[in-house]
Amino acid sequence: MAEKGGPAAHGARHVAIIMDGNGRWAKKRFLPRAVGHTRGVEAVRNLVRGLRSTGVEVLTLYAFSSENWRRSEEEIQDLMGLMRHFIRSDLPEFIANGIRLRIIGDYSIFPADLVEMIEDALARTAGGRNGTLAVALNYGSQQEIVRAAKAAAAGGEITAEAIEAALDTADLPPLDLLIRTSGEVRLSNFLLWQAAYAELYFTDVLWPDFTLAHLEEALAEFAGRERRFGGR
Ligand code: IPE
Ligand code: IPE
Ligand code: MG
């Protein structure tokens with residue numbers, strides 16, 4: 001968070017990351033993919049620990065896409081297990097550090113015990129005032145836009161404002177910077193609407209290797225970008 005409530009020098013309030021490259025990180029080391037995911041969680045932990053120092057208010061992380069169900073049953077189970085483990089091990093620290101947890105995406109279809117853990121974590125971090133960690137779970141931006149358009153239609157008017165107000169991110173600040181690791185240059189159904197005027201940043205660093213210093217590098221580059229929003 002910014003000191004005394006003022007904006008951070010780089011000006012980015014909301015940063016999102018497509019955390020990619022866990023599998024390739026493991027493969028390079030002749031390790032199972034699951035090890036890459038475990039190390040990926042450690043990268044998340046380190047970033048959340050440093051979040052306040054970056055001045056970023058909201059960090060949104062793409063953890064599981066609506067298309068990731070296409071992976072093997074074993075890998076999906078590994079990822080669910082890691083989510084359980086992460087909540088168990090890190091929730092007390094989130095609460096102690098005033099980090100508010102948010103979820104985007106439809107997590108209701110996850111195993112019942114995991115849904116329960118997530119809801120407990122949401123409730124217990126709701127009062128956090130030192131930064132928000134928004135985690136995208138079973139998230140697909142096209143599906144989100146369809147849901148939002150339906151809600152807007154039910155409200156009587158399909159306008160950009162009405163759709164925006166019904167997106168999963170409605171209560172978060174506008175997206176400033178979208179980062180993707182691992183050298184892939186695509187959005188993979190993440191925050192398509194929200195990225196309309198976000199700055200995009202691609203790095204070859206594989207997610208398990210991504211540190212606070214890498215985030216700070218991205219923020220420094222963001223600070224030097226000229227955002228025009230169509231104007232002159
Ligand atoms: C990102 O790493 C983690 C998830 C998508 C859950 P990957 O598992 O996609 O890693 P690569 O792309 O195979 O290297
Ligand atoms: C995007 O990564 C999803 C997450 C990071 C959770 P993927 O690895 O699933 O994306 P593609 O398949 O390479 O586009
Ligand atoms: Mg990938």
Check your understanding: Beyond 18 Å, what percent of the Cα pairs of the range 137-204 remain?
Key -> 42 percent
Point to revise | Bins of 10 Å, starting at 0 and running to the largest distance - Cα pair percent for the range 16-88 | key: 17, 49, 28, 6
Check your understanding: Can you sort ILE17, ILE179 so the residue with the fewest Cβ neighbours within 10 Å comes first?
Key -> ILE179, ILE17
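Net charge near LEU177: determine it from the other residues with C-beta under 15 Å of the C-beta of LEU177, scoring Lys and Arg +1 and Asp and Glu -1.
-3
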Review point. What does the range 94-181 give for Rg and for Dmax, in Å, if only its C-alpha atoms count?
Key: 14.7, 43
Revision key, fill the gap. At 20 °C in a medium of viscosity 1.002 mPa s, the range 14-223 has a Stokes-Einstein diffusion coefficient, with Rh taken as the Kirkwood radius over alpha carbon pairs, in µm² per second, of 122 µm²/s
Check your understanding: Summing Lys, Arg as +1 and Asp, Glu as -1, what charge do residues with Cβ under 11 Å from the Cβ of ARG102 carry, ARG102 excluded?
Key -> -1
Practice item. Run the numbers on the chain and let me know its relative contact order in percent, using alpha-carbon pairs under 8 Å that are six or more apart. Key: 29 percent
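For LYS27 and PHE229 in the same chain, what is the full-extension length gain: residue separation times 0.36 nm, less their Cα-Cα distance, in nm?
Fully extending the segment from LYS27 to PHE229 adds 68.6 nm.
Bear in mind that the values in this text are calculations on the coordinates, not laboratory data. Values in this document were obtained by computation on a predicted structure and should not be read as measured data. Cβ: placed from backbone, ideal geometry, glycine included. Neighbour counts: every protein chain shown.
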